[in-house]
Structure formats: C-alpha cells, structure tokens
Amino acid sequence: MSKYLMNKFLYTVDRDPGLTGRYKADPESTVAWWETEQAGRILNCVDGESTTWLRFEPAERKALAEHDYPTLFELGAHPFLTLTLFIAMFEEDYDEPLGFQHEYARRLAHMAMPYPDIAT
C-alpha cells in the first residue's frame, strides 16, 4: 500500500476548494483523474518532473472513491487529513454544530488502540 500517495491525495484535494467540490460531487472520476494526472508529480510543485510508478492499491482507490474514511483510517491514512477534508466536504450537510465531527467519531468508534500505523 502507498500511505504516502493516499495522504498526498487527501492533502492536495483539501487545499484546493475547486478540487474539494469536484471530489464531493464526483469522487470516482476525481480519484481516477488525480491518480493519472497528479499522483506522479514530484512534490506537487515542479512542472516537467514526474514519476510513473505511483498508483493507488485497489482498496485505497475504492475507499477514496466511496468517501469511506473509516476504511481510509484502517488503511493508514492520517486522521487529521481525513477529518479536515471531509469536514470541508460534508459539514454543511449537518444542521447541528459539529454534526459531521460527531458522525466521524461515531463511524470510527469501533477502532481501538493501538490505531493503525500512520507513518509514511
């Protein structure tokens, strides 16, 4: 698995409001586009430098395409990255304050320490 690539996806999508909206509206094609067009960019900032070996594992691709943050956490995605991105995407869908954060905690409540390794 490439926890690095999964976390890079979460980080870069969270930092671009247009991409965040695109990911919320059409996650499957956004993940496919990002993997094909952006994953190989070195450090996200150097044009013309890229690699071709970075690809999501099927479980990562599926969890990203389904907005399945509990599975992403189980696969080793950094919880801060999943929480901030999914707050940006879904906070407005809840009426009560911290509604999404409570949903996030509820859906991850089955996890017990030690948590999955989040080192990349």
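Annotations for the structure displayed:
- Phi angles of the stretch 61-71 translate, via the Karplus equation with coefficients 6.51, -1.76, 1.60 and θ = phi - 60°, into HN-Hα couplings of 4, 5, 5, 5, 5, 9, 6, 8, 5, x, 5 Hz per residue; Gly and Pro are given as x.
- A crude spin-label estimate for the pair Thr71 and Asp95, with each label 7 Å from Cα along the Cβ direction, gives 3.1 nm.
- Each of Ala109 and Phe80 was given a label point 7 Å from its Cα along the Cα-to-Cβ line. The distance between the two points is 2.6 nm.
- Stretching the chain fully between Thr12 and Lys62 yields a gain of 16.2 nm (0.36 nm per residue, less the alpha carbon separation).
Coordinate-derived values only; no laboratory data. Predicted model, so just to flag it, every value in this text is computed and none were measured. No Cβ is skipped: glycine too gets one built from the backbone with ideal geometry, and neighbour counts run over all protein chains shown.
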